[in-house]
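Let me begin by presenting the structure, written as structure tokens, before commenting on it.
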Amino acid sequence: MGHSDLDPAVHARRPWNAGRNVGPKRPLKPRDIWAIRFYLDEHALLRDRALFDLAIDSKLRGCDLVKLKVGDVVSGDLVRDRAVVVQQKTGRPVQFEIMPEARRSLEAWLRCRHGTIRDFVFPSRVDYTGHLSTRQYARLVDEWVSVIGLDKREYGTHSMRRTKVSIIYKATGNLRAVQMLVGHTNIENTVRYLGVDIDDALTLSERTEI
């Protein structure tokens with residue numbers, strides 16, 4: 001049913017985003033990463049630890065992360081140093097590194113998970129032949145940030161994607177490198193993605209003495 005902007009009921013209706021944080025989700029800081037890792041290790045959550053580490057290193061969107069197959073990250077008996085996947089949103093391939101922490105947690109998880117190279121790395125709890133849903137992944141992220149005292153309203157699955165590139169950008173100021181790592185086709189998207197503003201540009205400029 002349609003409504004007129006002049007109807008009093010329209011103005012009395014509560015906005016859909018009232019009380020919600022609908023802006024960009026915050027990236028994790030290095031101390032947050034280690035706090036979450038400590039929690040996951042303490043509770044022997046092998047799947048969650050592997051998922052968390054791979055989310056940080058891969059910088060993939062949730063829809064791509066949950067669809068990773070064993071063959072994408074394993075070569076022979078070893079977890080790959082680097083992997084390539086085609087992004088669902090853009091249809092373009094993106095390459096990512098798998099660092100030692102993530103390789104160790106993936107190896108531990110895959111020893112328990114078993115399966116073949118055609119199986120999903122993170123299977124669904126409902127249908128073991130399917131993959132973990134993006135909704136369940138989002139719930140896990142909420143749990144991870146909550147247990148270390150962060151406000152889950154300020155974080156989400158995109159926090160995992162933004163974390164490493166935010167750290168890289170702060171350390172190097174290299175927007176082009178970040179653009180390639182997250183698979184953006186346009187560098188302006190990367191600027192908006194990182195929330196780069198004039199203060200960031202001036203800070204980088206002040207680091208350079210001539």
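The values are calculated or read from the model by the stated rules, or taken from the named source; none is laboratory data. Predicted, not measured: the structure shown is a model, and the values here were computed from it. Quick reminder, even Gly has a Cβ in these numbers, built from the backbone with ideal geometry, and neighbours come from all protein chains shown. Remember, those area values only see protein heavy atoms, side chains included, never the ligands or the DNA or RNA. Shrake-Rupley method; radii C 1.70, N 1.55, O 1.52, S 1.80 Å.
Tabulated results
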read-out: Surface per residue (accessible, 1.4 Å probe) for the range 79-150, Å²; value: 60 Å²
read-out: Sites matching trypsin sites (Lys or Arg not before Pro) across the range 94-177 that sit in DSSP coil, with at most 14 neighbouring C-beta atoms within 10 Å; value: Arg118, Arg125
read-out: Contact order relative to length of the range 31-95, as percent, for alpha carbon pairs under 8 angstrom and 6 or more apart; value: 16 percent
read-out: Estimated inter-spin distance, Glu101 and Val147, nm [label 7 Å along Cα→Cβ]; value: 1.5 nm
read-out: Sequence-separation-based contact order of the range 71-135, relative, with Cα cut under 8 Å and 6+ spacing, percent; value: 23 percent
read-out: Selection from Thr90, Ser75, Gly115 lying farthest towards where the dipole of the range 71-137 points positive, charges on Cβ; value: Thr90
read-out: The range 93-192 - percent relative contact order, Cα under 8 Å, separation 6 or more; value: 20 percent
read-out: Nitroxide proxy distance, nm - points 7 Å out along Cα→Cβ at Thr134 and Asp77; value: 3.8 nm
read-out: Solvent exposure, largest accessible area first (probe 1.4 Å, DNA, RNA and ligands not counted), of Met160, Met99, Met180; value: Met180, Met99, Met160
read-out: Accessible-area order (highest first, 1.4 angstrom probe) of the listed residues Ile117, Ile33, Ile168; value: Ile117, Ile168, Ile33
read-out: Overall form of the range 21-69 per C-alpha gyration tensor (a/c, 1.5; a/b vs b/c); value: oblate
read-out: Probe 1.4 Å, all protein chains present, accessible-area order of Trp144, Trp109, largest first; value: Trp109, Trp144
